[in-house]
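Peer 1: Before I ask anything, here is the structure I am working with.
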Amino acid sequence: MSLISLSALRRTAGAFAGRGGIHPETRKYLSADSPIEAMPLPSILRVPLQQHIGAEAVPVVARGDQVLKGQLIGKARGPVSANVHAPTSGKVIAVGYFAAPHPSGLPVSTITIRPDGADRWGARLPRLVPEQATPDEIADHVKQAGIVGMGGATFPSAVKLDLRKRFALKTLIINGAECEPYLTCDDRLMREFSEELADGIAIMARALGVEQVIVAIESNKPQAIEAMQRRMLAIGCPARVTRVPTLYPMGSEKHLVQAVTGLETPARALTAELGVVVHNAATAYAVHLALRYGEPLISRVLTVSGFGVTRPANVKVLIGTLVAEILDHCGGLDGTPDRLLLGGPMMGLPIRSQRVPVIKGTNGILALQKSETRRHREMPCIRCGGCIKVCPCGLMPMEMHGMIQAGDLDKAVDIGLLDCVACGSCSFNCPSNIQLVQSFNYAKGRLAFQQSQKHQQEETKRLAETRKARMDAIAEAKRQAMARRKAEMAARKKREAETETPAVPAPAPTAERTG
Amino acid sequence: MIEAVATMSALGLGLGTILGVAARRFHVETPPIVDEIEAQLPGTNCGQCGFPGCRGAAEAVAEGAAPVTLCPPGGREVAVTLAEITGAEPPGSGGTGQDAEPVVAFIFEDHCTGCTKCFKRCPTDAIIGAAKQIHTVVNDACIGCDACVAVCPTEAIILRTKPRTLRNWHWPKPGTPADATL
């Protein structure tokens, strides 16, 4: 007994092998007690074709088409991509570029649907009994439904279910940590739809062929833990709920695996190499809807919160609903917020306009007032080591920052820039308000840019070579044609000469003339 | 007749021999570094560096007559490799051309007559079109070399900075003016 509690204590204290993590004020109380409410049909839906990591989906409808709820409107292209479906019935009024829910506000190809109000279902996905289906069939079904990781990374879930082909998987971890402050949508989902979630988890466990399931929930969600514990028997294989300490960034895939199993994922490797796959709780719910009801991923639950929102809530919205309409549904904004974010306050994306849609990976809309944001003047680094202490990946943020400031990205990579998960703990803890994680994000983008330039360089070379080869081939063909013509001409002349003077042997004067 | 043929043949043979001997005798070894440098350059002979083709540029760099940052389509990558080869100062992150915004050609469709002059000149086949059809530029293949701009009879082509997309966007450096707007 005492041994067990001791080991539990140790695990809690050293959640990430004794390093890192922060305790930001969670402010989940703003929305934790609001039950999930469905939002009425919005006036317009803008459904981007790029809501996932990977290649953009290809539109399969045209302007003027009538679409039904659940109808395929964007088809996945390539192995890493996801289908996009119509969230409600209505008319396609545009297929073109609109502002993306992204800090840049750059355009993304979007299908705009004006709902007809009937919310009429089209053909659902073909029926499949998960208990009798093969893992391949389940993975394919998930793929057809366009399900992506709903914790924010939006990696196509079917690709993750197919990991079983490459690795021997033992454990499925359901990520219910929800470590970002303010967000409560997964908490509410686990409390209110625990049965459905357990069913989705069971289906995923079957598809992955794992031996055990662990549902990891942070200790600040006791009701969710209790609700999920009641459903563990329904999963079928050995399953348990693990209470993980409330510590940011517990929801990060690799850190969650470490906190739950004690195994550390090697740098830039997949957790699957340890035999562990992590799926988000909301993804399990989407899988349940897809397999049991044939519903593709067309809606999601998100948290609307922050001191700048009149009525913080957890809302079930259709994918493609504009942020402005969701905010209006929640009583509108209370004054002008200092920041409008999609996602959590630590890793969420600031947006410039409210006229952008929510997508599959949007788990929150936050309107933060000045009292909640922190914008202070940046001061020099005092080398206190605070950032090193909190970095959950065991990196040295201040060193990396210095190298990036000096323009030496390669050196920053040498000391682990690419292992940074951009959780923002370093910036949060910095007493000098140095924009550490912002600097790392810049550096990663810059590196990707340089990589693409290098790629383009090679491609340019290839293009130039193909062009040269083609030009040479054309020139060669011309030369040959010329030679052939010459030969033909000569042959003709010879024939003519022969027909002109049939029996006479070639006389000397002729030779002189031609010479 | 025979005299003429003989004279010309003798002349040709004699001069050829002289040239051949001279080529052997006064042979100048090309420094291998030139070949090495040329291998790094894009090989499109676009002329943006101001030298006659990539070979000319390679020679100039080898002599030290041109900076390693001379190749705009090559960008920073090429500049760094050239600096490694020549032992020159590697390009820093500061001002010089290598971090300049990439440019691509853009065709105003209203002015395009479909004369096909530009796409015949394009060193990377980045312009698509056919006779009497409006041409257009494939941004991913265009290196912004200016060759098409010069030949367009209706001045329908300009160079513009490569449009930003979600794919090539990245966070601005903290503390720069671009960052302040976020």
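Peer 1: B:Leu19 to A:Lys494: FRET efficiency via 1/(1 + (r/R0)^6), r the Cβ-Cβ distance, R0 30 Å, to the nearest 0.05?
Peer 2: 0.25
Peer 1: Return the loop-located GluC sites (Glu not before Pro) in the range B:38-74 (DSSP other than H, G, I, E, B) with at most 10 other Cβ atoms within 10 Å of their own Cβ; answer none if there are none.
Peer 2: Listed in order of number, the matching sites amount to none.
Peer 1: Another question, then. Would you list A:Arg467, A:Arg311 from the most to the least accessible area, probe 1.4 Å?
Peer 2: Values: A:Arg467 30, A:Arg311 95 Å².
My answer, sorted largest first, is A:Arg311, A:Arg467.
Peer 1: Just how much of A:Val159 is accessible, in Å², when a 1.4 Å probe is used and the result is rounded to the nearest 10?
Peer 2: That residue has around 50 Å² of solvent-accessible surface.
Peer 1: Mind listing which trypsin sites (Lys or Arg not before Pro) in the range B:120-177 are in a DSSP loop and have 13 or fewer other Cβ atoms within 10 Å?
Peer 2: Values: sites: B:Lys120, B:Arg121, B:Lys132, B:Arg160, B:Arg164, B:Arg167; in loops: B:Lys132, B:Arg164, B:Arg167.
Passing both the DSSP loop test and the Cβ count: B:Lys132, B:Arg164, B:Arg167.
Peer 1: Just to be sure I understand: if you take the accessible area of chain B alone plus chain A alone and subtract the pair, with a 1.4 Å probe, what total do you get in Å², rounded to 100?
Peer 2: In total, chains B and A hide about 3100 Å² from solvent.
Peer 1: Pull out a ≥ b ≥ c, the square roots of the eigenvalues of the alpha-carbon gyration tensor of the range B:1-143, then state rounded if a/c is under 1.5, prolate if not and a/b is larger than b/c, and oblate in the remaining case.
Peer 2: Numbers: a/c = 4.43, a/b = 1.35, b/c = 3.28.
Oblate shape, in that a/c is at least 1.5 and b/c is the bigger or equal ratio.
Peer 1: Still on this structure, please answer the following. With labels modelled as points extended 7 Å from the Cα through the Cβ direction, what inter-label distance (nm, one decimal) is found for A:Arg485 paired with A:Gln223?
Peer 2: A separation of 8.8 nm, rounded to one decimal place.
Peer 1: Quote the FRET efficiency, to the nearest 0.05, computed for A:Val129 versus A:Phe167 with a Förster distance R0 of 25 Å and r equal to the Cβ-Cβ distance.
Peer 2: 0.40
Peer 1: Heavy atoms only, 1.4 Å probe, whole protein assembly: order B:Thr86, A:Thr373, B:Thr17 by accessible area, highest first.
Peer 2: Details: B:Thr86 50, A:Thr373 30, B:Thr17 80 Å².
From most exposed to least exposed: B:Thr17, B:Thr86, A:Thr373.
Peer 1: May I pose another question? For the range B:103-161, what's the relative contact order in percent, using C-alpha pairs closer than 8 Å and at least 6 residues apart?
Peer 2: With pairs under 8 Å counted, the relative contact order is 47 percent.
Peer 1: To continue, here is another question. For chain B, what is the accessible area per residue in Å², given a 1.4 Å probe and the full set of protein chains?
Peer 2: Numbers: 10760 Å² over 182 residues.
Per-residue accessible area for chain B comes out at 59 Å².
Peer 1: Follow-up question, since we're still on this one. I'd like the isolated cysteines in chain A, meaning no second cysteine's beta-carbon lies under 4.7 angstrom from theirs.
Peer 2: So far as the 4.7 Å Cβ criterion goes, A:Cys179, A:Cys185, A:Cys237, A:Cys330, A:Cys381, A:Cys384, A:Cys391, A:Cys393, A:Cys420, A:Cys423, A:Cys430 stand without a partner in chain A.
Peer 1: Could you rank B:Glu89, A:Glu211, A:Glu325 by how accessible they are, 1.4 Å probe, largest area first?
Peer 2: Highest to lowest solvent-accessible surface, that is B:Glu89, A:Glu211, A:Glu325.
Peer 1: Moving on to the next point. If the cut-off is a Cα-Cα distance under 17 Å, which lysines reach A:Lys91, setting aside same-chain residues fewer than 8 apart in sequence?
Peer 2: Within the straight-line cut-off, A:Lys91 pairs with A:Lys69.
Peer 1: Identify which of B:Pro42, B:Pro31, B:Pro172 has the largest mean-square fluctuation in a Gaussian network model of chain B, with springs joining Cα atoms closer than 10 Å.
Peer 2: So, out of B:Pro42, B:Pro31, B:Pro172, the one fluctuating most is B:Pro172.
Peer 1: If you average the sequence gap of Cα pairs under 8 Å that are 6 or more apart and divide by the length of the range A:378-477, what percent do you get for the contact order?
Peer 2: This gives 27 percent for the range A:378-477.
Peer 1: Just read off the accessible area of A:Met482 with the full protein assembly in place, 1.4 Å probe, to the nearest 10 Å².
Peer 2: 110
Peer 1: Given a 1.4 angstrom probe, I'd like the percentage of the accessible area of the protein assembly as shown that is carbon and sulfur, rounded to a whole number. Before the final figure, lay out the partial values.
Peer 2: Values: 19600 of 34960 Å².
Answer for the protein assembly as shown is 56 percent, counting heavy atoms of protein chains only.
Peer 1: Under the definition of partner shielding as Cβ atoms of other protein chains within 10 Å of a residue Cβ, what is the mean value for peptide A:448-461?
Peer 2: Mean shielding by partner chains, rounded to a whole number: 6.
Peer 1: Another question about this same structure. For the range A:184-193, what does the Karplus curve 6.51 cos²θ - 1.76 cosθ + 1.60, with θ = phi - 60°, yield as ³J(HN,Hα) per residue in whole Hz, taken in order and with x for Gly and Pro?
Peer 2: 9, 5, 5, 4, 5, 4, 5, 6, 8, 10
Peer 1: On to the next question. Run the numbers on chain A and let me know its relative contact order in percent, using alpha-carbon pairs under 8 Å that are six or more apart.
Peer 2: 16
Peer 1: Can you work out ³J(HN,Hα) from phi for every residue in the range A:424-440, in order, using Karplus 6.51 cos²θ - 1.76 cosθ + 1.60 and θ = phi - 60°, giving whole Hz and x for Gly and Pro?
Peer 2: x, 4, 5, 4, 4, 8, 6, x, 9, 6, 6, 7, 5, 5, 4, 5, 5
Peer 1: As a test question: what accessible area, to the nearest 10 Å², does B:Asp140 have when a 1.4 Å probe is rolled over all protein chains in place?
Peer 2: For B:Asp140, the solvent-accessible surface is approximately 120 Å².
Peer 1: Report, ordered by chain and residue number, the aspartates and glutamates lying within cross-link reach of A:Lys28, taken as a straight Cα distance under 12 Å and ignoring same-chain residues fewer than 8 apart.
Peer 2: A:Glu178, A:Glu180, A:Asp186, A:Asp187
Peer 1: A further question follows. Mind giving me the nanometre distance, one decimal, between the label points for B:Ile158 and B:Ala131, set 7 Å out from Cα along Cα→Cβ?
Peer 2: Label-label distance for B:Ile158 and B:Ala131, simple model: 3.1 nm.
Peer 1: When all alpha-carbon pairs of the range A:378-477 are counted, what percent fall beyond 17 Å?
Peer 2: So the pairs more than 17 Å apart make up 58 percent of the total in the range A:378-477.
Peer 1: Then there is this: Could you work out the mean count of beta carbons from other protein chains within 10 Å of each residue's beta carbon in A:247-255?
Peer 2: On the way: counts 0, 0, 0, 0, 0, 0, 0, 0, 0.
Partner Cβ neighbours, averaged per residue: 0.
Peer 1: For every helix of n ≥ 4 consecutive DSSP H residues, a contribution of -39,500 (n - 2.57) applies; sum these over the protein assembly as shown, divide by its total residues, and give [θ] at 222 nm rounded to the nearest 500 deg cm²/dmol.
Peer 2: -11000 deg cm²/dmol
Peer 1: Other chains near B:141-147: what is the mean number of their Cβ atoms within 10 Å of each residue's Cβ?
Peer 2: 2
The values are calculated or read from the model by the stated rules, or taken from the named source; none is laboratory data. Keep in mind that what you see is a predicted model, and the values were worked out from it rather than measured. Reconstructed Cβ throughout: ideal geometry from the backbone, glycine too, with neighbour counts over all protein chains shown. These accessible areas exclude ligands, DNA and RNA; they are computed on the full protein's heavy atoms, side chains included. Shrake-Rupley method; radii C 1.70, N 1.55, O 1.52, S 1.80 Å.
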